[in-house]
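In what follows, a structure is listed as structure tokens, so that the remarks can point back to it.
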Amino acid sequence: MYWIGLFFLFSTFSMAQESPLKIEQINPKLFVYTTYNTFDGQKYAANAVYLVTKKGVVIFDTPWDKTQYQPLLDSIQAKHNLPVLAIFTSHWHEDRAGGFDFYNKKGIPTYATAQTNSILKANNKATSTHEIVLNKLYKIGGEKFKIEYFGEGHSLDNTTVWFPKYEILNGGCLVKSAEANDIGFIGDGNVKEWPTTINKLEQAHPAIKRVIPGHDEWKNGDHLKRTKEIIKQ
């Protein structure tokens, strides 16, 4: 009985102390950062990635929790002692581009596709200061990445990030977690085209070592497989 009570005490304390910003290392250059928010009354984790280069750090997507906009910058500075060079977004939703206004005012270059900026503007949201060139191999401080658009899915403008040196794909919300139980928000997406989009992605990258989904558990595999299962239901 004592151990049960002790376990409950520590579990409750751990849950209460859960950090609103979690940073985990994939390799010496790539990190997943996770923030949290609620949708339909349920708490979800939003995964994003940042890349450490010799010149500074590149962030892909802004925190879902607006209280973590500054703590993310502070954490990166404390952990790597490097400036944030730019922020790229994968699509227009709040969990990806919601921090544009904050980071624009900080003077950090922000990037989005022309399509994403068009949707942001139509919804009276802050747009990026720079435009993404799709399929361009960006080279920054000895690191490389490519922003790709394979078609509509979770949203009409969802893009992915490919890191060729590491064969790692940041799938954003186009890719569901292997542990996902439902399709999530599809209010302005295209479920009919989603399978075709995933097929194009897999054809472009037949050998992917790791995929990072937009939400929930990211360390397991089979995220693309689970995505195809869910969108066909």
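Classify the stretch 44-107 as rounded, prolate or oblate from the Cα gyration tensor: take a ≥ b ≥ c as the square roots of its eigenvalues, call it rounded if a/c is under 1.5, otherwise prolate when a/b beats b/c and oblate if not.
prolate
Amide H contacts under 5 Å for residue 158: 153, restricted to partners 5 or more places along the chain or on a different chain, H placed in the peptide plane at 1.01 Å from N. Ranking 88, 39, 218 by Cα position along the charge dipole of the chain, where only Lys, Arg, Asp and Glu carry charges on their C-beta atoms, puts 88 farthest toward the positive end.
Extents of the stretch 21-232, largest first, come to 44, 38, 32 Å (Cα atoms, principal axes, whole angstrom).
Viscosity 0.692 mPa s, temperature 37 °C: Stokes-Einstein D of the stretch 83-209 from its Kirkwood Cα radius, in µm² per second? List each step's numbers first, then the result.
Numbers: Rh = 15.3 Å.
This corresponds to a translational diffusion coefficient of 214 µm²/s.
Other residues within the sphere of radius under 12 Å centred on the Cβ of residue 210, judged by their own Cβ, net out at 0 (K and R +1, D and E -1).
Taking the Cα centre of the chain as origin and charging only Cβ (+1 Lys, Arg; -1 Asp, Glu), how large is the dipole, in debye to the nearest 20? Write out the running numbers ahead of the final one.
Values: 27 positive and 24 negative charges, 170 e Å.
That gives the chain a dipole magnitude of about 820 debye.
What residues qualify as long-range amide H neighbours of residue 49, i.e. H under 5 Å apart, gap of 5 or more or another chain, H built at 1.01 Å from N? Amide H neighbours of residue 49: 33, 60. Amide H to amide H distances under 5 Å link residue 210 with 169, where only residues 5 or more positions off or on other chains count and H is placed in the peptide plane.
Here each label is just a point 7 Å from Cα along the line to Cβ, and for residue 229 and residue 121 those points are 4.2 nm apart. Distance from the C-alpha centroid of the stretch 36-87 to that of the stretch 150-227: 20 Å, rounded to the whole angstrom. Measuring nothing but how far apart in sequence close Cα pairs (under 8 Å, 6+ apart) lie, relative to its length, the stretch 21-232 scores a relative contact order of 15 percent. Shape analysis of the stretch 68-135 yields a ratio of the Cα radius of gyration to the Kirkwood radius, Rg/Rh, of 0.99.
No lab work stands behind these numbers, since they all come straight from the coordinates. Model, not experiment: these values are computed from the prediction. Heads up, the Cβs are rebuilt from the backbone with ideal geometry, glycines too, and the neighbour counts pull from every protein chain shown.
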